[in-house]
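The values are calculated or read from the model by the stated rules, or taken from the named source; none is laboratory data. These numbers come from a predicted model, not from an experiment. So basically every Cβ, Gly included, is an ideal-geometry build from the backbone, and we count neighbours across all protein chains shown. Each accessible area value is taken on the protein alone, full model and side chains, heavy atoms only, with ligands, DNA and RNA left out. Shrake-Rupley method; radii C 1.70, N 1.55, O 1.52, S 1.80 Å.
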Amino acid sequence: CMNSMLPLSYAWGNFSILAVGIWAVVQRDSLDAITMFLTGLLLTVLTDIIHISIFYPSHGYLSDAIRFSLGMAIFSLLLKPVSCYLVYRMYRERGGE
């Protein structure tokens, strides 16, 4: 998010889901918060794939900052299914069906 290669919608989407995740952790008895967090995580997996595939530079030269930014975005995308699984387990613990 620190590099300007990816659009602002990438940063806004991920930071808003982070805020919903903090809300879901703080309110332990709220099933709605954890449902919104799980839905948002699944949605950001799809939007991250779209953002990275559209805005990945096609030319051969990449600066170190762009390469690092893309690496962290791809690493975040690879960790999101694990996060979705853990959030789903929290959803089941809170009484979700």
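Which of (1) open to solvent by less than 30 Å² (accessible area, probe 1.4 Å); (2) within 23 Å of R89 (Cα to Cα); (3) touching a residue at least 60 places away in the same chain (Cβ under 8 Å) is the odd one out, the single condition T35 does not satisfy?
For T35, the exception is condition (1).
Give the residue that is surrounded by the fewest Cβ atoms within 10 Å (Cβ to Cβ), with candidates limited to residues of region 55-67 that are over 17 Å from the mean Cα position of the chain (by Cα) and assigned to a helix (DSSP H, G or I).
Within region 55-67, the match that is surrounded by the fewest Cβ atoms within 10 Å (Cβ to Cβ) is D64.
Exactly one condition in (1) open to solvent by 30 Å² or more (accessible area, probe 1.4 Å); (2) of a type in the set (A, V, I, L, M); (3) closer than 16 Å to S76 by Cα; (4) modelled with pLDDT of 90 or more is false for L41; which is it?
Every condition holds for L41 apart from (1).
With among the β-branched types (V, I, T), modelled with pLDDT under 90 and in a helix (DSSP H, G or I) as the only criterion, which of I34, I17, I22, I52 stands out?
Exactly one of I34, I17, I22, I52 is among the β-branched types (V, I, T), modelled with pLDDT under 90 and in a helix (DSSP H, G or I), namely I52.
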